[in-house]
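Participant: Please read through the structure below; I'll follow up with questions.
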There are 2 protein chains.
Amino acid sequence: MSTGPKLEERTLQVDLGDRSYPIYIGSGILDRPEYYRRHIPARQVMVVTNETVAPLYLDPVLQALQGFQTASVVLPDGEQHKTLSVWNRIFDELLNRRFNRQCCLVALGGGVVGDMAGFAAACYQRGVHLIQVPTTLLAQVDSSVGGKTGVNHADGKNMIGAFYQPRCVIIDIRTLDTLDDRQLAAGMAEVIKYGLINDPVFFEWLESSMERLVGRDRATLSEAIEWSCRDKVALVAADEREAGSRALLNLGHTFGHAIETGLGYGEWLHGEAVAAGMCMAADLSRRLGWIGEADLTRVRALIERAGLPLDPPATLGRERFLELMSVDKKVLEDQIRLVLLKGIGNSLVTQDFDQAALINTLDEYGREQNR
Amino acid sequence: MSTGPKLEERTLQVDLGDRSYPIYIGSGILDRPEYYRRHIPARQVMVVTNETVAPLYLDPVLQALQGFQTASVVLPDGEQHKTLSVWNRIFDELLNRRFNRQCCLVALGGGVVGDMAGFAAACYQRGVHLIQVPTTLLAQVDSSVGGKTGVNHADGKNMIGAFYQPRCVIIDIRTLDTLDDRQLAAGMAEVIKYGLINDPVFFEWLESSMERLVGRDRATLSEAIEWSCRDKVALVAADEREAGSRALLNLGHTFGHAIETGLGYGEWLHGEAVAAGMCMAADLSRRLGWIGEADLTRVRALIERAGLPLDPPATLGRERFLELMSVDKKVLEDQIRLVLLKGIGNSLVTQDFDQAALINTLDEYGREQNR
């Protein structure tokens, strides 16, 4: 695939004391042996991937791992497979291959693969090495960075998991060439999120760049990924275990998780649910008088230009929505906590808001006929 | 149950920086509210126990937790139930009760309950609070202390797990009154282990105290528990994640895990398998010329007086034993690592030994007719 170093290669450092690690961003780098060799203090390497990604990238990655004792496990693709029983297949294979506790797992795929392989690395023999090689925009800008791993429970998304940091993240933007438009858009939801949370300059840049991003201009995509990772790294470094400010990253996620769980995992993509969730958070913020109509319009317009849904599926309804939201991890002491907006690029985590306004948002967004 | 403070109450401190915690040892303390209140920064408390322990101690513990929002989950009893699917029942209940990520789990039971509840606390919403209330001798002197948690995989014991420290450990020695002789003996295997590893004075004390211990003299049992915890705490504090010296605690365990996995979990108690495993480790050490015949005899004599098996089941055989041992976590780079003895109270972790001697030990101990 690649030949020699690329000019656009960048390295970001995630600063977490003795758990610090680099994020490499470049084009055509996932088959470059040096990235792996530098970070694998092991002989045994298990590549965890899925049936969509394996035909595209498994061989080049295994090629790059020559000299290691390698094996791979190919999981089914989709959020509906992020379960304990599919997760257990990784252990089946590790034990079948007699992998020891000095081994390394490589997560090659999107968010689901990264979450499951990462959680398996956290738990296999109480912890082995991990490298993240995200191949979707969503995984590159969000799930591969920061150490959140886990699987879903039938009653709640990501309810079983661990904080577990990789040895490095290898982001090869060439993998976006094989990503379909729907998946690209889903990743864009998380990109937009960073602007909304605390980076108004990035939000403006996205407003002026969305056509190039949707058109897959490689330099623009690369810049968006780097900017997103930088914003996420800052929040993670300040609060690794989400005791405080890291929770801002959940903007749109309490609504979004309710959509994903309520519809059944895999029906909507995670990013699509987050997009509608951000619209709902913005709507609620407007009802509370925290942002104006103009800001709400800007949020919805950018999300729409990214090709994302602005509204949740009409089938859920207020009661079910509330029930699902109250299971979410952000619920503290019976009061629903949400990330809401005080402006574009100005967000806060709060449970101190008029719950009647939340009901109004749910009623409005839960209607059969959307606005 | 209890009234007022007991004279014999002791507190040990496990020193692990910001994960430090106390171990309380006393008689009739598991129903004392202050021990819980001091360490539960939560409103929701889930007691995880099993069907043997629940009728004996669940009510008093729930009584002590008055004022909290409590719930309980009762698991089946036995090592054969330490699986991912039984583990998942804890999450079913936590989600069913809408427990949030500020909740606390209380592990009330033996080693299996402690391992599963501890691992559930490590993973529920990526980590909630945990209190260990061990009710078997084995759990009191070993598994509740030090933060190892996990479940078994069909192909290997404790293969899926986490290091996760509790907020405190409450050891009520009165619970030993309801423990059957076989379970008491199983715990004694781990007690003897501490003497063998690095505490020759303790080993001698055990040689002079074994009749009182087997006779359930409460003061002697209390002293043995405290001594064991002290020895374990020192090893854990020096090496929490088993990068080095903590591995000494695995004396007898590589052989023992092979016995447990090979027979099917639950057939032998963990402590019984460890007892036979320690005899095998001592036998191998003698073959290597590292200890003399007299030391081997002392080891076997003390284990026998504790009412424990000296030999593995004859059904396994050398080949199967080797296969099972090579899956164990202590296997590094294809070479089996073992904890072996250079004397009573003088052990080392090594893979630098004549593997032919290991074969001889397995042949000798794998025979149909035991010595």
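Participant: Quick one: in region B:216-269, of everything that is charged (D, E, K, R) and assigned to a helix (DSSP H, G or I), which residue is surrounded by the fewest Cβ atoms within 10 Å (Cβ to Cβ)?
Facilitator: Only one residue fits best here, namely B:ARG218.
Participant: Check B:CYS168 against each of (1) surrounded by fewer than 23 Cβ atoms within 10 Å (Cβ to Cβ); (2) within 14 Å of chain A (Cβ to nearest Cβ); (3) of a type in the set (A, V, I, L, M, F, W, C) and name the one condition it does not meet.
Facilitator: It is condition (2) that B:CYS168 fails.
Participant: If the requirement is being of a type outside the set (Gly, Ala, Ser), in a helix (DSSP H, G or I) and in contact (Cβ under 8 Å) with a residue 12 or more places away in the chain, which of these qualifies: A:TYR24, A:TYR35?
Facilitator: Checking each option against the conditions leaves just A:TYR35.
Participant: Test A:VAL112 against the stated conditions and say whether it is modelled with pLDDT of 95 or more, surrounded by 24 or more Cβ atoms within 10 Å (Cβ to Cβ) and either assigned to a loop (DSSP other than H, G, I, E, B) or not aromatic (Phe, Trp, Tyr) (or both).
Facilitator: yes
Participant: Now, a different point. Only one of these is under 30 Å from A:LEU94 (Cβ atoms), at pLDDT 90 or above, among the aliphatic types (A, V, I, L, M) and assigned by TED's automatic domain parsing to the domain that holds B:GLU204: B:ALA306, B:ALA276. Name it.
Facilitator: B:ALA276
Participant: Among the residues that make up region B:315-322, is at least one of them outside any loop (DSSP other than H, G, I, E, B) and within 14 Å of chain A (Cβ to nearest Cβ)?
Facilitator: Taking every residue of region B:315-322 in turn, at least one turns out to be outside any loop (DSSP other than H, G, I, E, B) and within 14 Å of chain A (Cβ to nearest Cβ).
Participant: So, B:ARG101, is that one touching a strand residue (DSSP E or B) at 6+ places or on another chain (Cβ under 6 Å) and outside any strand (DSSP E or B) or not?
Facilitator: So B:ARG101 does not fit the description; no.
Participant: Taking A:ALA185 as the residue in question, decide whether it is buried (at least 22 other Cβ atoms within 10 Å of the Cβ), within 17 Å of the chain's Cα centre (by Cα) and more than 20 Å from A:LEU12 (Cα to Cα).
Facilitator: yes
Participant: Still on this model: Across region A:97-110, what is the number of residues that are touching a Lys or Arg at 6+ places or on another chain (Cβ under 9 Å) and more than 7 Å from chain B (Cβ to nearest Cβ)?
Facilitator: 2
Participant: So A:ALA162 fits all but one of (1) closer than 22 Å to A:LEU16 by Cα; (2) over 13 Å from the mean Cα position of the chain (by Cα); (3) at the interface with another protein chain (Cβ under 9 Å from one of its Cβ atoms); (4) crowded, with 23+ Cβ neighbours inside 10 Å; what number is the exception?
Facilitator: Here A:ALA162 clears every test but (4).
Participant: Filtering region A:126-137 down to residues that are in contact with a strand residue (DSSP E or B) (Cβ under 6 Å, 6 or more places away or on another chain) and surrounded by fewer than 24 Cβ atoms within 10 Å (Cβ to Cβ), which residue is nearest to the other protein chains (Cβ to nearest Cβ)?
Facilitator: Checking each candidate, the answer is A:ARG126.
Participant: Let me spell it out: the conditions are (1) touching a strand residue (DSSP E or B) at 6+ places or on another chain (Cβ under 6 Å); (2) assigned to a helix (DSSP H, G or I); (3) within 13 Å of chain A (Cβ to nearest Cβ), and B:ASP92 meets all of them except one. Which number is the exception?
Facilitator: That leaves (1) as the condition not met.
Participant: Mind checking which residues of region A:201-215 are surrounded by 15 or more Cβ atoms within 10 Å (Cβ to Cβ) and either farther than 27 Å from A:TYR365 by Cα or at pLDDT below 95 (or both)?
Facilitator: Within region A:201-215, A:PHE202, A:TRP205, A:SER209, A:ARG212, A:LEU213 qualify.
Participant: Yes or no: region B:64-71 includes at least one residue that is part of a strand (DSSP E or B), within 14 Å of chain A (Cβ to nearest Cβ) and polar (S, T, N, Q).
Facilitator: Yes, the conditions are met somewhere in region B:64-71.
Participant: Restricting attention to region A:44-71, which residues are of a type outside the set (Val, Ile, Thr) and in contact (Cβ under 8 Å) with a residue 60 or more places away in the chain?
Facilitator: Of everything in region A:44-71, those that are of a type outside the set (Val, Ile, Thr) and in contact (Cβ under 8 Å) with a residue 60 or more places away in the chain turn out to be A:GLN44, A:MET46, A:ASN50, A:LEU56, A:TYR57.
Participant: Does A:ARG212 meet the test of being part of a helix (DSSP H, G or I) and in the same structural domain as A:LEU56 (by TED's automatic domain parsing)?
Facilitator: no
Participant: Shifting gears a bit: Kindly provide the set of residues from region A:138-159 that are within 13 Å of another protein chain (Cβ to nearest Cβ), within 12 Å of the chain's Cα centre (by Cα) and at negative phi, ordered by number.
Facilitator: Passing the criteria: A:LYS148, A:THR149.
Participant: Could you check how many residues of region A:224-267 are away from chain B (no Cβ under 14 Å) and closer than 20 Å to A:GLY146 by Cβ?
Facilitator: Residues meeting the conditions: 20.
Participant: If I go through region A:270-294 residue by residue, how many of them are surrounded by fewer than 22 Cβ atoms within 10 Å (Cβ to Cβ), in a loop (DSSP other than H, G, I, E, B) and free of Cβ contacts under 8 Å to residues at least 60 places away in the same chain?
Facilitator: Count: 3.
Participant: Could you list, in sequence order, the residues of region A:32-91 that are farther than 20 Å from A:ASP115 by Cα and charged (D, E, K, R)?
Facilitator: A:ARG32, A:GLU34, A:ARG37, A:ARG38, A:ARG43, A:ASP59
Participant: If you scan region B:72-88, which residues turn out to be surrounded by fewer than 18 Cβ atoms within 10 Å (Cβ to Cβ), away from every other protein chain (no Cβ under 11 Å) and on the phi < 0 side of the Ramachandran plot?
Facilitator: Result: B:PRO76, B:GLN80, B:VAL86.
The values are calculated or read from the model by the stated rules, or taken from the named source; none is laboratory data. Everything numeric in this text was worked out from a predicted model, so none of it was measured. Positions of Cβ are generated from backbone atoms using ideal geometry, with glycine treated the same way; all protein chains shown enter the neighbour counts.
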